[in-house]
Ligand code: SER
């Protein structure tokens with residue numbers, strides 16, 4: 001399946017499920033707390049905090065997008081089989097509408113039925129008492145009810161999203177892993193349950209900054225992000241993202257004598 005078909009299938013899948021299709025926002029965000037757009041949820045932050053009204057702006061409490069994103073956090077990893085600085089994020093969002101059951105069921109149906117791909121395993125948040133967030137047993141039960149029994153617990157560093165920038169929505173996540181052609185389990189989709197607002201940075205949250213607590217979010221909801229390049233690698237049965245149709249033609253232009261890692265870094269640029 002070509003990457004253009006994956007984008008179309010994703011947006012159509014969610015359109016058929018009452019999501020408004022919203023164009024990618026600029027890589028230069030209106031959010032002053034970050035220099036570049038790092039996730040699909042960035043343009044939707046005001047809908048989670050209650051500063052904007054999704055019904056008024058989109059005619060729906062749910063939206064879907066394919067967002068151009070740029071992250072420097074993985075810059076030293078670029079050149080391996082799956083990391084990039086610039087990538088496209090397929091995302092579906094709920095602003096005070098559906099929550100865990102629907103979000104997990106949508107993700108399960110899209111991966112297994114629409115894409116016809118097996119899920120290797122999923123992860124859930126194991127909980128952390130000092131920040132007042134319990135183990136996400138509800139997500140585990142939903143996965144089990146869908147027949148996914150390999151559900152692994154992870155901690156705050158891996159399965160608790162956000163906040164981005166200096167403050168914002170955040171919450172526990174469940175991640176979906178699928179296998180690439182090299183037999184590696186790759187995280188393809190991050191399904192975030194935005195339940196909290198944190199008035200500080202992620203670093204402060206992780207360090208347990210004194211005086212700053214997670215507050216219930218005005219409009220709890222769902223924020224998901226799936227890497228188009230990683231999904232294309234799994235769907236096109238390649239060993240790396242650089243062998244997918246998104247990069248193969250660029251790589252083919254580079255001299256055959258050039259080291260593979262260098263070619264991949266140039267392709268990312
Ligand atoms: N915000 C989450 C992420 O970027 C899910 O979209 O992974």
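Quick note: the coordinates plus some simple rules give every number you see, no bench work behind them. What you see is a predicted model; the values in this text were computed from it and never measured. Heads up, the Cβs are rebuilt from the backbone with ideal geometry, glycines too, and the neighbour counts pull from every protein chain shown.
If you take the Cα atoms of the chain, find Rg, then find the Kirkwood Rh from the mean of 1/r over all pairs, what is Rg/Rh? Could you put the intermediate results ahead of the total?
Values: Rg = 18.3 Å, Rh = 19.1 Å.
My calculation of the ratio gives 0.96.
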> residue 15 to residue 150: extension gain in nm, 0.36 nm per residue of separation minus the Cα-Cα distance?
Replying inline: 45.6 nm
>> Restricted to Cα positions, what overall size does region 1-132 have along the principal axes? Three whole-Å values, descending.
In response: 43, 40, 38
> Label points 7 Å out from Cα along the Cβ direction at residue 185 and residue 266: separation in nm?
Replying inline: 3.6
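To the nearest 500 deg cm²/dmol, what mean residue ellipticity at 222 nm is calculated for the chain from DSSP H runs of n ≥ 4 alone, each contributing -39,500 (n - 2.57), summed and divided by the residues?
One gets -7000 deg cm²/dmol as the mean residue ellipticity at 222 nm.
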> Which percent of Cα-Cα pairs in region 1-71 sits in each 10 Å bin, short to long?
Replying inline: 19, 45, 31, 5
> Among 234-244, 134-144, 211-221, what's the highest-first ranking by average C-beta atoms within 10 angstrom per residue?
Replying inline: 234-244, 134-144, 211-221
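Between residue 158 and residue 7, what length in nm is gained on full extension when 0.36 nm per residue of separation is reduced by their alpha carbon distance?
51.8 nm
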> When a footprinting reagent is the concern and you count Cβ atoms within 10 Å, what order do 258, 115 take, fewest first?
Replying inline: 258, 115
